[in-house]
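The values are calculated or read from the model by the stated rules, or taken from the named source; none is laboratory data. The structure presented is a predicted model; accordingly, all values stated were derived computationally and were not measured. In this analysis, Cβ positions are derived from the backbone assuming ideal geometry, glycine residues included, and neighbour counts consider all displayed protein chains. Each accessible area value is taken on the protein alone, full model and side chains, heavy atoms only, with ligands, DNA and RNA left out. Shrake-Rupley method; radii C 1.70, N 1.55, O 1.52, S 1.80 Å.
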Amino acid sequence: MAILKILQYPDERLHKVAKKVLQVDETTRKLVRNMAETMYAAPGVGLAATQVDVHEQIIIVDVSETHDQLKVLINPEIIASSGDSDCEEGCLSVPGIFETVRRAARISVRALDENGKIFTLDAEGLLAVCVQHEIDHLRGKVFVEYLSQLKQARIRAKLKKRLRETM
Ligand code: GNR
Ligand code: NI
């Protein structure tokens, strides 16, 4: 297994649109294992392949405290959503920034698992937020893009300054 490098905002590769996985195979499963190791080590509750510079529709989530509820969603599609929920979000690609984002409160997602088997996940609470956050990554969208232009400019300036200071 391996810890993968997580792209840091603002990196233009975070805006690439992920392609559908045509075949779920051993290569896919190896990537999923490495993504899981990377997510748990970070630590985070979700990770999209986009964040590790792989532009395929693969996300993982685990919102449990015990790290034993890993969900793998390949080619995820939101087939139903309802309600509104405001949640303070963070992102491993935007470290140290936490901002409130409004999303659907409940979603149903259809996806393939790591064996290529189709399933439907009904989610609410943090799990629903997290799945929506990860699906956004696959579309090239980072959560800060929901914020005002002024806030986004401030966040970019802050992260660039931090990058300069650690070089
Ligand atoms: O670890 C993460 N925490 C989190 C908290 C609130 C809403 C979304 C998230 S996802 C984030 C990990 C991450 O960046 N996934 O892309
Ligand atoms: Ni993220």
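Using the Cβ-Cβ distance between Ser64 and Arg106 with R0 set to 22 Å, the FRET efficiency works out to roughly 0.70. Residue ranges 133-143, 66-76, 147-157 sort as 133-143, 66-76, 147-157 when ordered by packing (mean number of other C-beta atoms within 10 Å per residue, highest first). In terms of distances greater than 19 angstrom between alpha carbons, the cross-link table entries Lys141/Lys161; Lys19/Lys141; Lys71/Lys117; Lys16/Lys117 yield Lys141/Lys161; Lys16/Lys117.
Approximating the spin labels as points 7 Å out from Cα along Cα→Cβ, the Asp11-to-Arg164 distance works out to 2.1 nm. Rolling a 1.4 Å probe over the protein heavy atoms of segment 117-167, with every protein chain left in place, gives an accessible area that is 56 percent carbon and sulfur. Label zone of Asp113 (point 7 Å out along Cα→Cβ, amide N under 16 Å): in segment 9-29 this covers 24-25, 29. D by Stokes-Einstein for segment 53-136, Kirkwood Rh over Cα pairs, 4 °C, 1.567 mPa s: 96 µm²/s.
Positive-end ranking of Val54, Leu163, Leu7 along the dipole of the chain, with charges on Cβ about the Cα centre, is headed by Leu163.
Working note: Karplus 6.51/-1.76/1.60 with θ = phi - 60° gives segment 152-157 the couplings 4, 5, 5, 5, 4, 5 Hz, where Gly and Pro are set to x.
Cα convex hull, segment 13-106: 119 Å³ per residue, rounded to a whole number. Taking every protein chain into account, the accessible area of the chain amounts to 55 square angstrom per residue (probe 1.4 Å). Here the average projected area of the convex hull drawn through the C-alpha atoms of the chain stands at 9.7 nm².
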